[in-house]
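Notes follow once the structure below has been shown.
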Amino acid sequence: MHIRGIGHRGYPVKYPENTLSSFQAAIELGFTHIELDVHLSKDGIPVVMHDHKIDRMTNGSGEIRHYTLSELLQFTVGEFERIPTLEEVLRLAKNKVIVSIEMKNTKLYNCMEEKVFAIIKKLDMLDQVYVISFDHQSLAKLRKISSDIKIGPLVNKLKRSHFRLIEKLHATYIAVKYDGLKEKYIHKCDKLGIQVVAWTVNSVDQMKRFRKYPSVLITTDELEKYKIYAYSTEINRAIV
């Protein structure tokens, strides 16, 4: 059984977010997509964590960019896990799910776009990932690196001006906060072949809103709740 939806940082309601166990849980539940966040270590390795600091999720403190990968691996996430690298997560996901990679705090790092792309290319996963970011200049850099990689701007509210941005970036995705979507723009994206991603949809009331927009790809923390709701309401007709 496949659930057309995105496990936000894996399955963060039950497992520490952005960890291998969290992503594995989303895969085992049958979700078609997972979403993760990327930063760079001091030695330029893409690692998976939402915050640019390790304080909230580990037994350490400080900014990711101030630690080498080997140093980061000394910290514990939750009871027993560690910060995964992008390569580790992609290896876990390969041929199982589509991966949404959000490049975070790009201004803090040098050559994030090149390093992220290098991992994707190394694992031959161009057809199994797409990259999103609030930093649209960073997406433009990534587009210069590769004409094939799928990308999508992150925005809080979808506006008419964003369609010029989509065209300029040759984007095939647009990721929008769930309450920043208007029906007319959803339909316009459908006509243009642009995949709309709504984040982060966690309540049943929020899920109900998208019942009439089956083309929208839902991002959720509440994977089992969404799985039950999706099938009970047939919101998930377009199963991948």
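The values are calculated or read from the model by the stated rules, or taken from the named source; none is laboratory data. Everything numeric in this text was worked out from a predicted model, so none of it was measured. So basically every Cβ, Gly included, is an ideal-geometry build from the backbone, and we count neighbours across all protein chains shown. Each accessible area value is taken on the protein alone, full model and side chains, heavy atoms only, with ligands, DNA and RNA left out. Shrake-Rupley method; radii C 1.70, N 1.55, O 1.52, S 1.80 Å.
Contact order normalised by length for the chain, with contacts defined as Cα pairs under 8 Å and 6 or more residues apart; what percent is it?
Dividing the mean separation by the residue count of the chain yields 18 percent.
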Original post:
Roughly speaking, what is the stretch gain from ARG209 to HIS2, that is 0.36 nm per residue apart minus the C-alpha to C-alpha distance, in nm to one decimal?
Top reply: 72.4 nm
**OP:** Filter the cross-link list LYS94/LYS188; LYS96/LYS191; LYS94/LYS150 down to pairs whose alpha-carbon distance in this structure exceeds 23 Å.
**Re:** LYS94/LYS188; LYS96/LYS191
Subject >> Charge context of ASP135, other residues only, Cβ under 11 angstrom, K/R +1, D/E -1 >> reply: +1
Subject >> Residue-averaged 222 nm ellipticity for the chain, from DSSP H runs of 4+ at -39500 (n - 2.57), nearest 500 >> reply: -9000 deg cm²/dmol
Subject >> Cα-based shape type of the chain, given that a ≥ b ≥ c are square roots of the gyration tensor eigenvalues and the cut on a/c is 1.5 >> reply: oblate
Original post:
When DSSP assigns beta bridges and you keep just the ones with both residues in the chain, what percent turn out antiparallel, to the nearest 5?
Top reply: 20 percent
**OP:** Could you order VAL13, VAL47 so the one with the most accessible surface comes first? Probe is 1.4 Å.
**Re:** VAL13, VAL47
Original post:
When only Cα pairs under 8 Å and 6 or more residues apart are kept, what is the percent relative contact order across segment 43-112?
Top reply: 31 percent
**OP:** Determine the shape class of segment 9-118: with a ≥ b ≥ c the square roots of the Cα gyration tensor eigenvalues, call it rounded for a/c under 1.5, and otherwise prolate if a/b is greater than b/c, oblate otherwise.
**Re:** oblate
**OP:** Sort HIS8, HIS187 from largest to smallest accessible area, using a 1.4 Å probe on the heavy atoms of the protein chains.
**Re:** HIS187, HIS8
Original post:
Round to a whole number: what % of the accessible area of the chain belongs to carbon and sulfur, probe 1.4 Å?
Top reply: 50 percent
Subject >> Accessible surface ranking that places the most exposed of CYS189, CYS111 first, with a 1.4 angstrom probe >> reply: CYS111, CYS189
**OP:** Over the chain, average the accessible area per residue using a 1.4 Å probe and give it in Å², no decimals.
**Re:** 47 Å²
Original post:
Nearest 10 degrees, 0 to 90: what angle lies between the long axis of helix 183-192 and the longest principal axis of the chain (Cα atoms)?
Top reply: 80 degrees
**OP:** Sequence neighbours fewer than 8 away in the same chain don't count; with that in mind, list the lysines whose C-alpha is under 16 Å from LYS14.
**Re:** LYS225, LYS227
